[in-house]
Amino acid sequence: CPTVLRRGVGEAAMSFAKEWLRKRARRQRTVFSACMSSRWRSMAILSLVAGVATVLCKGLAFSVASTIRRHERMSQGDLVTGRHHVRPIVQDHPLALGALASVSETVLDIREGEELVDEINDIAESTEHYSATAAAAAVVAGAAVVATGSGSAGRKKARQPVLTLKGDTLKQTPAMVMYTVAYTVLTFGVLARSLMLAPAGSVLGIACGCVMAELFSGTFHWATDNYGSLETPLVGFACAAFQGHHLAPWTITFRPFINNVFKIACVGLPLTTSAALLLPPPLAAFAATIFFGQLLAQEFHRWSHKPSSKLAPWQRWLQSIGVAVPCAEHCRHHKPPFAAHYCILSGGLNPLLDSQPVLFWRRLEAFFFRLTKVEPNCWKGEQGAEIRECA
């Protein structure tokens with residue numbers, strides 16, 4: 001009897017699984033057929049063409065600006081007398097005049113970016129932070145800050161990395177590489193599969209996923225900055241990492257790419273796998289884009305803490321066209337009480353979320369305060385009093 005019972009249960013489970021897979025395949029074929037209509041196909045093609053054209057136009061402008069900048073170097077900065085090739089180019093080509101102005105703004109942005117990075121690092125060293133635990137504050141206070149020139153005033157400091165969390169490291173291990181590569185391959189595989197099965201719906205899902213990835217990066221950043229601690233279940237390490245980041249913001253620049261993002265890859269791997277197995281292709285593409293966007297946000301966050309002169313030209317280009325969060329945009333967040341500019345993917349939603357009519361973060365803080373009676377960290381201290389009044 002037990003053998004017959006086990007066999008019957010096994011056969012029932014097998015037949016149920018086959019029927020579920022058959023229905024799921026039929027549903028995907030239906031969605032695929034609907035999405036392959038001429039209207040949806042045309043919309044998808046137009047969206048892709050518009051995106052490619054936008055990137056090409058911005059790339060062309062950046063190339064022209066780079067060319068003018070090379071000529072500017074050749075002239076050794078003497079644009080008034082028109083020596084070498086700078087003046088003839090500007091006179092003969094109106095487009096080059098605009099590109100030259102863009103170059104001047106780029107050079108100014110690089111200089112201002114370096115000053116902003118130094119400013120927020122100085123603020124981090126001199127400010128008593130709400131988020132600092134006694135142990136983390138002691139680590140930062142005792143960290144070695146080595147001057148580049150002994151006894152020479154006015155020179156910049158070469159700050160050393162400060163690890164405030166036990167077990168944290170700046171090294172890159174094979175396991176980190178494995179997780180990150182596996183997650184990246186899985187994400188692009190899910191996106192490719194979704195685009196094959198439902199092109200139009202997946203394009204829409206990816207586009208919406210990019211916007212939601214930006215919003216999610218800000219929401220998670222806001223939550224871990226203002227609530228929780230190392231003892232918080234599940235996200236305690238993230239809370240301590242984000243809050244400790246305000247103590248030594250320059251430390252993130254010492255992390256290699258893999259070391260910086262592998263924790264997100266570890267979380268995103270099972271989430272993206274679940275989305276691919278349980279959701280239809282457009283929603284799977286939507287979810288995969290949101291999750292992978294957090295990995296990109298963490299890397300763009302690292303770029304925003306590096307002086308622009310230490311970034312590659314393509315990294316500065318991504319910042320200039322609004323794909324990666326610019327240094328100036330993120331540095332606005334690193335001023336106590338750290339109450340605004342939370343989005344760290346592109347920073348494009350920050351002006352809207354921080355605007356006076358919206359006040360998205362203040363409304364969230366007021367809602368959770370009424371619900372839990374817990375004050376967010378940005379309300380604390382003298383600098384947080386004004387934020388609390390706004391909420």
Kindly write out, for the range 376-391 in residue order, the coupling ³J(HN,Hα) from the Karplus curve 6.51 cos²θ - 1.76 cosθ + 1.60 (θ = phi - 60°), rounded to whole Hz, with x marking Gly and Pro. x, 4, 6, 8, 8, x, 5, 6, x, 4, 5, 5, 5, 5, 5, 6
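Of the cross-linked pairs LYS171/LYS310; LYS306/LYS380; LYS306/LYS335, which ones have a Cα-Cα span greater than 19 Å in the structure shown? Mind dumping the intermediate values first?
Values: LYS171/LYS310 21 Å; LYS306/LYS380 29 Å; LYS306/LYS335 17 Å.
Long pairs (Cα-Cα over 19 Å): LYS171/LYS310; LYS306/LYS380.
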Rounded FRET efficiency, nearest 0.05, which uses the C-beta distance separating THR273 from GLN356 and R0 of 30 Å: 0.10
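Using 0.36 nm per residue, how much length does the chain from PHE368 to SER309 gain when fully extended, once their Cα-Cα distance is taken away?
Values: separation 59, 0.36 × 59 = 21.24 nm, distance 4.14 nm.
In short, 17.1 nm is gained.
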Residue-ordered couplings for the range 349-358, obtained by feeding phi - 60° into the Karplus form 6.51 cos²θ - 1.76 cosθ + 1.60 and rounding to whole Hz (Gly and Pro as x), are 8, 4, x, 6, 5, 8, 5, 4, x, 7
Scalar couplings 3J(HN,Hα) for the range 278-289 by Karplus 6.51 cos²θ - 1.76 cosθ + 1.60 (θ = phi - 60°), nearest whole Hz, x for Gly and Pro, are 9, 10, x, x, x, 6, 5, 5, 4, 5, 4, 5
Each label point is 7 Å from the Cα along the Cα-to-Cβ direction; what then is the distance between the points at LEU163 and GLU19, in nm? 5.5 nm
By accessible area with a 1.4 Å probe, ligands and nucleic acids excluded, highest first: order of VAL358, VAL162, VAL181: VAL181, VAL358, VAL162
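The values are calculated or read from the model by the stated rules, or taken from the named source; none is laboratory data. All values reported here derive from a predicted model rather than from experimental measurement. We place every Cβ from the backbone using ideal geometry, glycine too, and count neighbours over all the protein chains shown. Side chains included, ligands, DNA and RNA excluded: accessible areas come from the protein's heavy atoms. Shrake-Rupley method; radii C 1.70, N 1.55, O 1.52, S 1.80 Å.
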